[in-house]
Every structure is written in structure tokens, then in C-alpha cells.
Amino acid sequence: MCLFYPDLLKDRITDITLSDLEKLGVQGLLLDVDNTLTKHNSQHLDKGVSDWLEMMKRLGIELTIVSNASAKRLEPFANRIGLKYVSRACKPLPFGFLRGAKRLGLPRKKCAVVGDQVFTDILGANLAGIPCIQVLPIELEKDHPFMMFKRRIERYILNSYRKKQQRTKPGS
Ligand SMILES: [Mg+2]
């Protein structure tokens, strides 16, 4: 297993279905915020994302936010969508994810991390032994040269992940 590869890759968070979660054997999600639920540092929530969150709740999926952002950034957003949060999670270190799983009352294998960044969300989930679903960033951070540099490396990793998926596809 590669520490930089997710268990599942989706374009958008709203593409994740109950059937995907059942296949992974998970009942709870540890959600990243920036560029996963909303644009970087935004308080706006798309109707599609809010409908998806409501649907997951109705289906009995436990949800919490786990983010490296401050409580100041997260609290208004989390309150609006009615979710608890772990702030300053120090991803890719495992502690924030483990706190999130504990808060949901689920063992870590029954949770999945959902996030857009390979070096925080995906690496951290794999280090913590938690399944993970990678989504593509909602919007690239064009004003942040260091983030754009990381995104280039992420694209390289994603391409090798996709090639591996093609090779291991049944029937190919
Ligand atoms: Mg993010």
C-alpha cells in the first residue's frame, strides 16, 4: 500500500454514494473543509453540498469536520451546517483524525477521511490506519505559489494512482 494513495478517488464530495461507503465498510466521515466542502477560506456552502450532507445524515452516516484551520474559521461554517468540528488538527499527524473518530463513537476502520490534499488528508489517514476518499480541489490556490507547487506533485501522484487502478481493474 502506498501512503499517498486513497482508497477511493472522486471528482467532488457530492459524488460519494452510500454504496461507496458500504463497500469501504464505513459508517462515519471525517470531513476536510477547505477545497473539499467549500472553497479555500470561504463561508459559502453550495446547495448541492448541503443537500449531500443532509442526505448522508438521513442515511445514518455520522459526520464531523476535521481541519487544520482555526476554530475562528471553522465555527461559523460548522454551526451553519450543524456539524461538530476538530480544529487545528495538525494533519498529517493522526491525532486529529483519532479525536474525530472517537467523537463519532466509531472505531477508526469504520470511518473514512474525505479530503483534497495528498500530504495532509490522504497521508494522515493512511498513517492513522483510517480509510480515505480523495476529492479533487474545488478551486486551485493560484495566489499561493507553495500550494501550486504541492498541487503539481499531487497531480503526478494522482496520475500514477490512476494508472495503477487501470492495471488492477478486473478484466484488464
Ligand atoms: Mg483541504
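The values are calculated or read from the model by the stated rules, or taken from the named source; none is laboratory data. Nothing here was measured: the structure is a model prediction, and the numbers come from that model. Note: ideal-geometry Cβ built from the backbone for every residue, glycine included; neighbour counts use all protein chains shown.
For the reader, a short list of remarks on this structure follows.
- Scanning the range 1-52 for residues that are among the basic types (Lys, Arg) and either at pLDDT 95 or above or outside any loop (DSSP other than H, G, I, E, B) (or both) yields Lys10, Arg12, Lys23, Lys47.
- When Lys47 is tested against (1) within 16 Å of the ligand (Cβ to nearest atom); (2) within 25 Å of Leu140 (Cα to Cα); (3) surrounded by fewer than 20 Cβ atoms within 10 Å (Cβ to Cβ), just one condition goes unmet, and that condition is (1).
- Within this structure, Thr38 passes the test of being within 15 Å of the ligand (Cβ to nearest atom) and surrounded by 13 or more Cβ atoms within 10 Å (Cβ to Cβ).
- A single member of Thr64, Thr38 is out of contact with any strand residue (DSSP E or B) (no Cβ under 7 Å at 6 or more places or on another chain) and β-branched (Val, Ile, Thr), and it is Thr38.
Condition check ((1) surrounded by fewer than 16 Cβ atoms within 10 Å (Cβ to Cβ); (2) of a type in the set (A, V, I, L, M, F, W, C); (3) touching a residue at least 12 places away in the same chain (Cβ under 8 Å); (4) at positive phi) across all residues:
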residue: Arg73; (1), (2), (3), (4): no, no, yes, no
residue: Pro94; (1), (2), (3), (4): no, no, yes, no
residue: Ala101; (1), (2), (3), (4): no, yes, yes, no
residue: Pro107; (1), (2), (3), (4): yes, no, no, no
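- Residue within the range 70-91 that is in contact with a Phe, Trp or Tyr (Cβ under 8 Å, 6 or more places away or on another chain), within 12 Å of the ligand (Cβ to nearest atom) and over 24 Å from Gly48 (Cα atoms) present: yes
- Hey, Phe119 assigned to a helix (DSSP H, G or I), modelled with pLDDT of 95 or more and touching an Asp or Glu at 6+ places or on another chain (Cβ under 8 Å) or not: yes
- Flag if Arg12 is buried (at least 21 other Cβ atoms within 10 Å of the Cβ), within 15 Å of the chain's Cα centre (by Cα) and under 30 Å from Gln165 (Cα atoms): no
- Taking the range 84-109 as the range and being over 12 Å from Leu31 (Cα atoms), within 15 Å of the chain's Cα centre (by Cα), aliphatic (A, V, I, L, M) and part of a loop (DSSP other than H, G, I, E, B) as the test, only Leu93 passes.
- From the list Lys164, Lys150, the one residue that fits, being closer than 15 Å to Leu8 by Cα and either part of a helix (DSSP H, G or I) or touching a residue at least 24 places away in the same chain (Cβ under 8 Å) (or both), is Lys164.
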